Amino acid sequence: MNQTRRKFLKTATYIGATTAAIGSGVLLPQRVLGAYNAEAFAAKDVNSALTASMGSDQLTASDAIKLKAPDIAENGAVVPVTVSSTLANVTAISIIASANQSPLTSSYQLTSVCEAFVSTRIKMGKTADVSAVVKADGKLYSASKEVKVTIGGCGG
């Protein structure tokens, strides 16, 4: 009998807390799960992907963006990439692998309290330029590096 009562109270507490969080706006589905930009990730070329994800494809090269990726990726299925920036007012960071069928590998929306830093692993089908695109003050800045892939990761 005590186990049933405890289980009931535990479930009721979780439901109540979740309902309160959703009602107050703390847990909005887009914030919790992230908004998926299907058009940007389905784009077949870099310019279309950038326009769909960041609103423009006009890039300016910048030394304020640090892109860390291996010179040679032994396995294209897991290529570690780190992006950081000293630009002010960064609102988004995207990572592009130009030779992939869908070049946009990842895109991150940042708030003013976030540090402009992203570390992830991407898939690459073959040797290509990997670009970090940073949106700051409404403008797009980029840094690129060629990554040689020795074993394909995107169906290779």
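The values are calculated or read from the model by the stated rules, or taken from the named source; none is laboratory data. Because the structure is a prediction, the values reported are computed rather than measured. Positions of Cβ are generated from backbone atoms using ideal geometry, with glycine treated the same way; all protein chains shown enter the neighbour counts.
How many residues, within segment 103-156, are in a loop (DSSP other than H, G, I, E, B), crowded, with 18+ Cβ neighbours inside 10 Å and under 14 Å from the mean Cα position of the chain (by Cα)?
4
So in segment 78-98, with the set limited to residues that are buried (at least 17 other Cβ atoms within 10 Å of the Cβ) and of a type in the set (Gly, Ala, Ser), which one is nearest to residue 64 (Cα to Cα)?
Filtering first and then ranking leaves 85.
Being over 20 Å from residue 53 (Cβ atoms) and in the same structural domain as residue 63 (by TED's automatic domain parsing) is true for just one of 126, 135. Which residue is that?
Being over 20 Å from residue 53 (Cβ atoms) and in the same structural domain as residue 63 (by TED's automatic domain parsing) holds for just one of 126, 135, which is 126.
Got at least one residue in segment 48-67 being assigned to a strand (DSSP E or B), at pLDDT 90 or above, within 15 Å of the chain's Cα centre (by Cα) and closer than 22 Å to residue 127 by Cβ?
yes
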